[in-house]
1. Output the 0 to 90 degree angle, nearest 10, between the alpha-carbon long axis of helix 84-97 and the longest principal axis computed from the alpha carbons of the chain.
2. Sort 108, 128 by Cβ crowding within 10 Å, fewest neighbours at the top.
3. What FRET efficiency would be calculated for the residue pair residue 126, residue 192, taking the C-beta separation as r and a Förster radius of 25 Å, to the nearest 0.05?
4. With n ≥ 4 as the cut-off for DSSP H runs, can you work out [θ] at 222 nm for the chain, using -39500 (n - 2.57) per run divided by the number of residues, rounded to the nearest 500?
5. Tell me the angle of helix 26-35 to the major Cα principal axis of the chain, expressed in degrees between 0 and 90 and rounded to the nearest ten.
6. Going by C-beta contacts inside 10 Å, put 21, 28 in order with the fewest on the left.
7. If one takes the longest principal axis of the Cα atoms in the chain, at what angle in degrees, from 0 to 90 and to the nearest 10, does the Cα axis of helix 191-200 lie?
8. Give the share of C-alpha pairs in each 5 angstrom bin for the chain, from 0 to the last occupied bin, in whole percents, shortest bins first.
Ligand code: BTN
């Protein structure tokens, strides 16, 4: 069903919600809204993005009506910032598992996958006002009915409806992800929260490729860093970057 401001507002009340049919990036809109004083929990949803941004400077694009694309504003402590990727990934993981889908896992640091195929990308960004922390935005793009069968992503990405074989209501999914964020946010600095993220990672102990070289994904640290081990047993700590499984 089409997302409209009326449906979003009535379902998500009293949360402040904005809806745009087409925009550059919902993250950019939310960074502007943060600077204007938007409260924690405020959300912007778009049907289409012309400059959707992904991690590591990549482009994120989904055809209209095929994805759920939104950004939520949060105002956590600066200490919790390193855990923003974990928060986004765990919330989406929970919402997707609640649809009854098996094989949901998190690929470090915050891709959500189903049986190793990416179904959701997450881009957390902090807003800074000079040296002062102004707020956090978490941009989330979920493939709901994107058809990857003819695309270059056909072996690396999937959509919820492809896996489920039935229609997924994007508004209900959005509500479920936002509820999960509300539940998880108060725990974000706890060991239990970190352990939950760690337990749902799908590549620990497995071979991974980093910059064309094979490593083993050994473990993660409490700030979210990934420890990788090469064939000679030497370890390296990654705080950003990309890994490929297998
Ligand atoms: C990634 O996997 O590289 C992260 C993709 C994040 C995409 C979402 S869609 C909504 C929000 N607005 C953006 O410009 N990006 C995020």
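1. Once rounded, the angle reads 80 degrees.
2. The most exposed by this proxy come first: 128, 108.
3. Plugging the Cβ-Cβ distance into 1/(1 + (r/R0)^6) gives 0.55.
4. That calculation yields -7500 deg cm²/dmol at 222 nm.
5. It works out to around 70 degrees.
6. By the 10 Å Cβ count, ascending, the order reads 21, 28.
7. That helix lies at roughly 80 degrees to the long axis.
8. With a bin width of 5 Å, the distribution comes to 1, 6, 14, 18, 20, 17, 12, 7, 3, 1, 0, 0.
Bear in mind these aren't lab numbers, they're just calculated from the coordinates by the rules spelled out. Worth saying up front: this structure is predicted, and the values here are computed from it rather than measured. When we count neighbours, we look across all protein chains shown, and the Cβ atoms used for this are built from the backbone with ideal geometry, even at glycine.
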